[in-house]
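Notes for the one structure printed next.
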Amino acid sequence: MKLVKYLVLPLAVLFLAGGCKKAAEAESPATVPGLPTHAQPKLPTAKIYLGAEVLDTELALNFEQEETGMMFRTNIQETDAMLFVLPYTMQASFWMKNCPESISAAYITPDGVIAEVHHLEQNDTNAVLSATANIRFVLETKEGWFARHNIGPGTVIRTEKGSLAGTFLRQ
């Protein structure tokens, strides 16, 4: 439900430099080259396990899917989730451009452990950075889902096939 801003540092600098306009002056999504202009269809899913909780999670596995994420989606349900498999381990940076609903996001280490859980405010174009550069996955859910289900840092996430790394990183 946000745009991933991590692949090209110069592009991020251009976006930040251009992001100083007042809200009333901001360009519409259609006028910013390369930004998605509508919600993407539901992506392929996989079951993920967070302790006793199970989520049928959409998988954002390529740049276009990651860039669009949950942008433009409304009426996010308790069972809606999207897992972002980042191209490499990094300091994750997510924002909420064109996201009409707030969400919660877990920043996850390469070994599948939740390192941080963040609130991402609707339509906020300020990047929410991870505290470390050891993030390989991000899981987005309905706002407050992690707190309601007592899931937090230290929780290991697995799939039907095993670990996140074994499932998505071909290790």
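Return the pairs, sorted by first residue and then second, in which the second residue is in a loop (DSSP other than H, G, I, E, B) and among the β-branched types (Val, Ile, Thr), the first residue lies in the range 44-62 and is under 15 Å from residue 151 (Cβ atoms), the beta carbons are less than 6 Å apart, and the residues are 6+ apart or on different chains.
50/151; 50/155; 51/155
Could you tell me whether residue 141 is in a strand (DSSP E or B) and within 19 Å of residue 54 (Cβ to Cβ)?
Criteria met by residue 141.
Pick out the one residue from 127, 131 that is over 16 Å from residue 57 (Cβ atoms), surrounded by fewer than 17 Cβ atoms within 10 Å (Cβ to Cβ) and of a type in the set (Gly, Ala, Ser).
131
Does at least one position in the range 107-118 carry a residue that is of a type in the set (A, V, I, L, M, F, W, C), at pLDDT 95 or above, in a strand (DSSP E or B) and crowded, with 22+ Cβ neighbours inside 10 Å?
Among the residues of the range 107-118, at least one is of a type in the set (A, V, I, L, M, F, W, C), at pLDDT 95 or above, in a strand (DSSP E or B) and crowded, with 22+ Cβ neighbours inside 10 Å, which makes the answer yes.
Counting only residues that are within 15 Å of residue 168 (Cβ to Cβ) and of a type in the set (S, T, N, Q), which one in the range 50-68 is surrounded by the fewest Cβ atoms within 10 Å (Cβ to Cβ)?
Once the filter is applied, the top-ranked residue is 62.
Scan the range 147-171 and report the pairs whose first residue is more than 13 Å from residue 52 (Cβ to Cβ) and whose second residue is of a type outside the set (A, V, I, L, M, F, W, C) and loosely packed, with under 12 Cβ neighbours inside 10 Å, with Cβ atoms within less than 8 Å and a gap of 6+ or a chain change.
Qualifying pairs under 8 Å: 165/171; 167/161.
For the list (1) of a type in the set (Asp, Glu); (2) crowded, with 18+ Cβ neighbours inside 10 Å; (3) out of contact with any strand residue (DSSP E or B) (no Cβ under 6 Å at 6 or more places or on another chain), I need the number of the one condition that residue 140 fails.
(3)
The values are calculated or read from the model by the stated rules, or taken from the named source; none is laboratory data. Since we're looking at a predicted model, the values are computed, not measured. Every residue, glycine as well, gets a Cβ built from its backbone with ideal geometry; the counts of neighbours run over all protein chains shown.
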